[in-house]
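First the structure, in the form of structure tokens, and then the observations on it.
The values are calculated or read from the model by the stated rules, or taken from the named source; none is laboratory data. Treat the numbers as computed from the prediction; the structure is a model and nothing was measured. When we count neighbours, we look across all protein chains shown, and the Cβ atoms used for this are built from the backbone with ideal geometry, even at glycine.
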Amino acid sequence: MEQGTKKRKKKVTLADIPHVGRGTAAGEWFRRYWLVVGTTCDLYDIPQAVKVLGEDMVLFRDEFGKLGLLGLHCSHRGTSLEYGDIEDGGIRCPYHGWLFDVQGQCLEMPAEPKDSKFPQKVKHLSYPVREQGGLIFAYLGPDGDHPPPLPKYSPLVDRSGQRQVEPVRYCDYNWFNFLENSADPAHICVLHRHAGYGEQSWGNHFFAYRDMPEFQFVETDYGMKVVMTKPGPTPETEFADEMSLALPSIIQVGDTEFVHAKLDAAALMRHGSQCEHILFLTPNDDDHFMIFTVDYYTGPDPRFFEKLKELRARETPKRDVKEDDKRKYMPFKGNIRQEDLMTQSTQGVLGVREEQLGVSDRGVIKFRKIVVDAIETVLRGGAAKGIVPKERANDMIQLHSFAGVRARGAAS
């Protein structure tokens with residue numbers, strides 16, 4: 001347990017959740033998990049500056065292929081290592097040539113005496129880094145030499161289907177606004193009725209504005225599962241759409257191929273969802289975050305991702321905007337991501353904004369409590385919820401997501 005965590009005695013509140021800097025309640029909690037900091041396809045032989053949980057760092061791969069995540073500013077006089085050279089087994093600061101390996105150990109100081117032991121004494125800030133399924137994970141926790149196992153997320157390690165890593169999205173509002181949006185399925189029926197959900201025959205029926213599905217919220221060992229159901233085509237069946245929120249900031253949905261790829265209701269009833277759409281949110285700081293997205297498809301169409309990209313490109317806002325309408329996010333209706341951006345970025349920060357919650361907000365209320373309890377557990381010295389124990393390091397982590405017809409009352 002870190003010193004800043006030991007000193008904290010006050011009770012965690014909702015106002016603590018959005019803040020992720022070192023020494024904050026949620027910041028110390030976040031640092032118990034592996035977080036995505038980059039993608040394999042975007043990391044070449046050029047160092048990348050990245051901010052994670054308020055810390056400025058540089059991500060790079062040395063000439064032998066090893067990944068490194070170091071403090072951005074050189075230990076010598078603070079120059080940015082984003083402009084360093086990848087050579088001689090590490091990254092070399094352009095200012096005075098100090099060379100650091102991927103563990104942050106200083107290897108060379110060209111201006112120091114040849115027999116100096118000074119380089120051996122300099123250990124630059126560094127964090128463990130791993131690759132999985134095209135994503136680059138880092139652990140910023142208190143014991144970097146003995147981090148917990150990196151979970152083997154099924155969509156990232158399963159080899160029987162097709163996988164694509166989408167372009168990284170960068171957002172300039174608080175990360176929790178996006179995450180808890182997924183615990184609020186009622187917004188799908190209202191906000192997204194002009195977009196993919198409302199345009200589908202199954203979606204318009206299932207997510208009807210005036211006849212919403214039944215919502216259930218189930219706590220799991222990794223976070224929470226959202227279960228949406230309606231009566232199926234026969235008395236013993238039901239239409240179901242399930243999604244998951246895994247701590248600290250992961251969302252997985254199973255209806256992407258029907259919402260975006262526009263598969264018809266017959267396909268939904270015939271075989272159900274065959275695409276897992278998993279999103280990893282990584283806060284840069286309290287006001288910015290990144291979304292890393294992977295799609296994993298197990299269906300028969302070899303051009304599925306190509307078609308998905310083409311159809312998403314057509315999802316443009318459809319409402320005409322009046323000439324004197326200067327509102328920042330206009331137009332937004334008709335594009336799911338634009339609709340989410342408008343609503344979430346204009347909410348304000350949890351703990352500061354004023355709210356009046358109703359019965360339909362019970363999923364948001366439940367998920368917030370799960371997060372607060374998880375943070376409290378870590379601050380008391382317990383294990384973070386959802387962390388994989390070492391004895392289960394090789395287990396496949398399967399999050400719940402599903403869209404289709406199933407036996408009434410069945411669980412995924």
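Annotations
- Only one entry in Val388, Val371, Val294, Val349 is within 18 Å of the chain's Cα centre (by Cα), farther than 25 Å from Met228 by Cβ and surrounded by 13 or more Cβ atoms within 10 Å (Cβ to Cβ), namely Val388.
- Every condition in (1) of a type in the set (A, V, I, L, M, F, W, C); (2) surrounded by 15 or more Cβ atoms within 10 Å (Cβ to Cβ); (3) over 23 Å from the mean Cα position of the chain (by Cα); (4) at pLDDT 95 or above holds for Leu357 except the one numbered (2).
- Lys366 being in contact with a Ser or Thr (Cβ under 8 Å, 6 or more places away or on another chain), at pLDDT 95 or above and among the basic types (Lys, Arg): no
- Search result, residues across the range 89-127 that are of a type outside the set (A, V, I, L, M, F, W, C) and in contact (Cβ under 8 Å) with a residue 24 or more places away in the chain: Gly89, Gly90, Asp101, Gln103, Gly104, His124, Ser126, Tyr127
- The set of residues in the range 110-132 being surrounded by fewer than 16 Cβ atoms within 10 Å (Cβ to Cβ) and assigned to a strand (DSSP E or B) consists of Lys123, Arg130.
- Within the range 6-13, at least one residue is under 26 Å from the mean Cα position of the chain (by Cα) and crowded, with 17+ Cβ neighbours inside 10 Å.
- Inclusion of Ser126 among residues that are of a type in the set (S, T, N, Q) and either assigned by TED's automatic domain parsing to the domain that holds Gly382 or more than 25 Å from the chain's Cα centre (by Cα) (or both) is not warranted.
- Filter result for His192 (more than 30 Å from Gly381 (Cα to Cα), in contact (Cβ under 8 Å) with a residue 12 or more places away in the chain and buried (at least 20 other Cβ atoms within 10 Å of the Cβ)): yes
- Top-ranked residue of the range 26-60 - restricted to ones that are of a type in the set (Phe, Trp, Tyr) and crowded, with 17+ Cβ neighbours inside 10 Å, ranked as farthest from Ala15 (Cα to Cα): Phe60
- Residue in the range 323-343 that is closer than 27 Å to Pro18 by Cα, assigned by TED's automatic domain parsing to the domain that holds Ser273 and touching a strand residue (DSSP E or B) at 6+ places or on another chain (Cβ under 9 Å) present: yes
- The lone criterion from (1) at pLDDT below 85; (2) of a type in the set (Gly, Ala, Ser); (3) buried (at least 24 other Cβ atoms within 10 Å of the Cβ) left unmet by Ala240 is number (1).
- Qualifying residue in the range 250-264 (condition: in contact with a strand residue (DSSP E or B) (Cβ under 8 Å, 6 or more places away or on another chain), at pLDDT 85 or above and polar (S, T, N, Q)): yes
- Being modelled with pLDDT of 95 or more and more than 26 Å from Arg368 (Cβ to Cβ) is a property that holds for Arg163.
Residue-by-condition table, conditions (1) closer than 23 Å to Ala26 by Cα; (2) in contact with a Pro (Cβ under 9 Å, 6 or more places away or on another chain); (3) assigned by TED's automatic domain parsing to the domain that holds Pro231; (4) without any contact (Cβ under 8 Å) to a residue 24 or more places away in the chain:
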residue: Gly351; (1), (2), (3), (4): yes, yes, yes, no
residue: Arg362; (1), (2), (3), (4): yes, no, yes, no
residue: Arg368; (1), (2), (3), (4): yes, no, yes, no
residue: Gly381; (1), (2), (3), (4): yes, no, yes, no
residue: Ala384; (1), (2), (3), (4): yes, yes, yes, no
residue: Val388; (1), (2), (3), (4): yes, yes, yes, no
residue: Ala393; (1), (2), (3), (4): no, yes, yes, no
residue: His400; (1), (2), (3), (4): no, no, yes, no
residue: Ala403; (1), (2), (3), (4): no, no, yes, no
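- Filter pass, Leu156 being outside the structural domain of His76 (by TED's automatic domain parsing) and surrounded by 21 or more Cβ atoms within 10 Å (Cβ to Cβ): yes
Every residue, every condition in (1) β-branched (Val, Ile, Thr); (2) within 17 Å of the chain's Cα centre (by Cα); (3) closer than 19 Å to Arg337 by Cβ, yes or no:
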residue: Arg169; (1), (2), (3): no, yes, yes
residue: Asn177; (1), (2), (3): no, yes, yes
residue: His192; (1), (2), (3): no, no, yes
residue: Pro213; (1), (2), (3): no, no, no
residue: Glu219; (1), (2), (3): no, no, no
residue: Tyr222; (1), (2), (3): no, yes, no
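- Meets criteria (outside any strand (DSSP E or B), aliphatic (A, V, I, L, M) and at pLDDT 95 or above) for Leu107: no
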